[in-house]
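J.: Structure in structure tokens, see below.
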Amino acid sequence: MSRLKELMNMDAVPGTALCVIEEFLPGSWVYEEEGVVRAAVVGKVSPDLRLRTISVKPCVKTPQLLSKGNIVYGLVTILYEELAVIKIFANELGRRYDNPFTGLLHITQVQEGYVRNFYDVLAVGDIVKAKVLNDTTPYSITIKEQKLGVVMAYCTICGSPMRKYQSDTLKCFKCGNTEKRKLSTSYAVIKV
């Protein structure tokens, strides 16, 4: 029993010998080499008596990655004529990512039909709800679907939050400016 207690209190670094294969079978984040089970990552040793396996629980979080089909929120940081750079900062539930991702939005992924340039549908500083189109970086994103698009926008004249005025038009109730955007069906309702 003292051997089990010793293993349960053990910290490991890659290559640390944990036990022999006859004691425990390899679980997560370990490997077997010449009959010895060794740690593959820095972490806390975790033996499982019921399954007779030994694992290491990593100290560091495994990196968060995006997958095709994920719905995300991002900030429009750069606009070109046919490409927008989006800083993806949260998932669909609003949980922030530890490190933001870069999303690229091509003009053909904004809406059905012809869009002359991004300045007709987005502005720097807008927050968009988007869908990820691929599994690798840089992430390509789309806002074509009705539920996707701008969810929060600020007036390009005075910087105040804008309210939905018509189907694709926003109005600043501070300075009276109106602007067009590709709006999400869940555009924020702001009480000014």
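J.: Can you give me the number of residues within the range 120-150 that are touching a residue at least 12 places away in the same chain (Cβ under 8 Å) and part of a loop (DSSP other than H, G, I, E, B)?
T.: If we filter the range 120-150 for residues that are touching a residue at least 12 places away in the same chain (Cβ under 8 Å), which is where we start, we get 120-135, 137-150.
Still in the running and part of a loop (DSSP other than H, G, I, E, B): 121-126, 133-135, 137-138, 143-148.
Total meeting the criteria: 17.
J.: Right, something else. Just to verify a result, which residue in the range 159-184, among those that are assigned to a loop (DSSP other than H, G, I, E, B) and modelled with pLDDT under 90, is surrounded by the most Cβ atoms within 10 Å (Cβ to Cβ)? Please lay out each step first, then the result.
T.: Taking the range 159-184 and keeping what is assigned to a loop (DSSP other than H, G, I, E, B), we get 159-160, 162, 167-168, 172-177, 181-182, 184.
From what's left, modelled with pLDDT under 90: 167-168.
Values: 167: 7, 168: 16.
Here the residue is 168.
J.: How many of the residues making up the range 91-119 are crowded, with 19+ Cβ neighbours inside 10 Å and part of a loop (DSSP other than H, G, I, E, B)?
T.: Selection size over the range 91-119: 1.
J.: Could you pull out the residue among 41, 56 that is in contact (Cβ under 8 Å) with a residue 24 or more places away in the chain, in contact with a strand residue (DSSP E or B) (Cβ under 8 Å, 6 or more places away or on another chain) and assigned to a loop (DSSP other than H, G, I, E, B)?
T.: Values: 56 fails: assigned to a loop (DSSP other than H, G, I, E, B).
None of the other options fit; the residue is 41.
J.: Only residues that are surrounded by 15 or more Cβ atoms within 10 Å (Cβ to Cβ) and either of a type in the set (Lys, Arg) or part of a strand (DSSP E or B) (or both): list them for the range 21-31, please.
T.: If the condition is that a residue be surrounded by 15 or more Cβ atoms within 10 Å (Cβ to Cβ) and either of a type in the set (Lys, Arg) or part of a strand (DSSP E or B) (or both), then 25, 26, 30 are the ones that fit.
J.: Take residue 49 and tell me if it is aliphatic (A, V, I, L, M) and either farther than 27 Å from residue 136 by Cβ or modelled with pLDDT of 95 or more (or both). Spell out how you get there, then give the answer.
T.: Working: aliphatic (A, V, I, L, M): yes; either farther than 27 Å from residue 136 by Cβ or modelled with pLDDT of 95 or more (or both): yes.
When the stated conditions are applied, residue 49 passes them.
J.: Could you tell me whether residue 67 is farther than 24 Å from residue 125 by Cα and part of a strand (DSSP E or B)? Full working, then the answer.
T.: Values: farther than 24 Å from residue 125 by Cα: yes; part of a strand (DSSP E or B): no.
No, not satisfied.
Each row is one residue, and each column tells you yes or no for (1) surrounded by 13 or more Cβ atoms within 10 Å (Cβ to Cβ); (2) more than 30 Å from residue 130 (Cβ to Cβ); (3) at pLDDT 95 or above.
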| site | (1), (2), (3) |
| --- | --- |
| 34 | no, yes, no |
| 63 | no, no, no |
| 73 | yes, no, yes |
| 76 | yes, no, yes |
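The values are calculated or read from the model by the stated rules, or taken from the named source; none is laboratory data. The structure displayed is predicted, hence computed values, not measured ones. Heads up, the Cβs are rebuilt from the backbone with ideal geometry, glycines too, and the neighbour counts pull from every protein chain shown.
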